[in-house]
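The values are calculated or read from the model by the stated rules, or taken from the named source; none is laboratory data. No experiment lies behind these values; they were computed from the predicted model shown. With ideal geometry, Cβ positions are generated from the backbone for all residues, glycine too; neighbour counts draw on all protein chains shown. Note: accessible area is taken over every heavy atom of the protein model, side chains too, but ligands, DNA and RNA are not part of it. Shrake-Rupley method; radii C 1.70, N 1.55, O 1.52, S 1.80 Å.
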Amino acid sequence: MGDLELLLPGEAAVLVRGLRSFPLREIGSGGWNQQHENLEKLNMQAILDATASQGEPIQELLVTHGKVHHEASIINLLETVFFHKELQKQAELMEFEIASKALSVLRYITDCVDSLSLSTLNRMLSTHNLPCLLVELLEHNPWSRREEGKLQQFEGGRWQTVAPSEQQKLSKLDGQVWIALYNLLLSHEARARYCLTSFAKGQLLKLQAFLTDTLVDQLPNLAGLQGFLAHLALTETQPPKKDLVLEQIPEIWERLERENRGKWQAIAKYQLRHVFSPSEQDLRLQARRWAETYRLDVLEAIAPERPRCAYCSAEASKRCSRCQNEWYCCRECQVKHWEKHGKACVLAAQGDRAK
């Protein structure tokens, strides 16, 4: 494992072996919280291993102990994402970050598009028309914005100012969309299933305006997408298909409804009494456990990139001591930025004291 270890190999194996499913009424209980902590530790250790190029020991443990089948572990990962209700004041930012991560997950799914089930492929291409949705994303580019004339991009869970010298560089989210489009449009299976109606053709041809030489230099595979679009411009459109497609039923949802039918009020009363009414001692204990789980040295190590100076966008190591919200590379930049940051800094500090 990497130089910084959150879990020893033996500890990771014990945590993986202990992973289990919980009945609905136990969601949020002490045992569920303990597993939530274990999942967070496994997740952070997996990131540390990947950062240090130490292989994938956590993934190997999950497969060895039969805790995942292919990539099914995403169910547990999504469960951990939506648990933190104490972050309601950051709901919009969290929603945007979750959406960006979902986009990354979608791109990884498209990497395996030729091996997806027929029902999955049909929902992606026919029900939701993902290629056209991805074109819309590139057109509106919601992860980029301009604030006071400066270009900002959403990366690492926050909006960051992009230095002028970096503005031609492809962002991570732009790259995910382009790769997903490449996978969907050039895959043999997907092309055989995708109906190129006049609407779809019109939407896809919009991509030609975005496929600049600078973009292709950064993602050379997109040259193949350029060729596909050139051919598409000369291709006759197709009428909508009316194939009969059998889709899988939502088995997990059906099972939850079946197992808990007639028990919903009892489950709510049980959770109100045992989960949502913690004592002060329970809250203190939980806070201590979270502090041990989210160690500062580990969080800094797994951060996608280092903070950037709010004034010059250089890598920063100093934080505003009053509000703790802005980062700076030096004292000089902090002084220059104070005219813009001052009012927000005072308000943020007053808000923290009021709490």
> Can you pull out the residues in region 139-171 that are surrounded by 13 or more Cβ atoms within 10 Å (Cβ to Cβ), hydroxyl-bearing (Ser, Thr, Tyr) and out of contact with any Leu (no Cβ under 8 Å at 6 or more places or on another chain)?
Replying inline: Ser171
> Mind checking which residues of region 263-294 are of a type outside the set (A, V, I, L, M, F, W, C), open to solvent by 80 Å² or more (accessible area, probe 1.4 Å) and either touching a residue at least 60 places away in the same chain (Cβ under 8 Å) or outside any helix (DSSP H, G or I) (or both)?
Replying inline: Lys263, His274
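Restricting attention to region 232-241, does a residue exist that is of a type in the set (A, V, I, L, M) and open to solvent by 100 Å² or more (accessible area, probe 1.4 Å)?
Step one: of region 232-241, the residues of a type in the set (A, V, I, L, M) are 232-234.
Filter again for open to solvent by 100 Å² or more (accessible area, probe 1.4 Å), leaving 234.
The answer is yes; a qualifying residue exists.
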>> Please count how many residues of region 309-343 are at pLDDT 85 or above, open to solvent by 40 Å² or more (accessible area, probe 1.4 Å), within 15 Å of Arg158 (Cβ to Cβ) and not aromatic (Phe, Trp, Tyr).
In response: 1
>> Here's a check for you: in region 107-125, which residue that is of a type in the set (Ser, Thr, Tyr), surrounded by fewer than 20 Cβ atoms within 10 Å (Cβ to Cβ) and under 23 Å from Gly175 (Cβ atoms) is modelled with the highest pLDDT?
In response: Tyr108
>> With the requirement that a residue be in contact with a Ser or Thr (Cβ under 7 Å, 6 or more places away or on another chain) and either modelled with pLDDT under 75 or not in a helix (DSSP H, G or I) (or both), what does region 35-66 give you?
In response: Leu62
> Filtering region 24-47 down to residues that are within 21 Å of Arg273 (Cα to Cα) and either free of Cβ contacts under 8 Å to residues at least 60 places away in the same chain or within 18 Å of the chain's Cα centre (by Cα) (or both), which residue is surrounded by the fewest Cβ atoms within 10 Å (Cβ to Cβ)?
Replying inline: Gly31
>> Need the failing condition index for Trp32 against (1) touching an Asp or Glu at 6+ places or on another chain (Cβ under 7 Å); (2) at pLDDT below 85, just the number.
In response: (2)
> If you go through region 305-340, how many residues are among the basic types (Lys, Arg), closer than 26 Å to Ile47 by Cα and part of a loop (DSSP other than H, G, I, E, B)?
Replying inline: 1
> For Thr120, all conditions in the list (1) part of a helix (DSSP H, G or I); (2) under 30 Å from Cys312 (Cβ atoms); (3) free of Cβ contacts under 8 Å to residues at least 40 places away in the same chain hold save one; what is the number of the exception?
Replying inline: (2)
>> Within region 176-215, take every residue that is among the small types (Gly, Ala, Ser) and either part of a helix (DSSP H, G or I) or in contact with a Phe, Trp or Tyr (Cβ under 6 Å, 6 or more places away or on another chain) (or both) and give me the one that is surrounded by the most Cβ atoms within 10 Å (Cβ to Cβ).
In response: Ala180
>> For region 158-181, check the following and say yes or no: at least one residue is over 17 Å from Leu222 (Cα atoms) and in contact with a helix residue (DSSP H, G or I) (Cβ under 8 Å, 6 or more places away or on another chain).
In response: yes
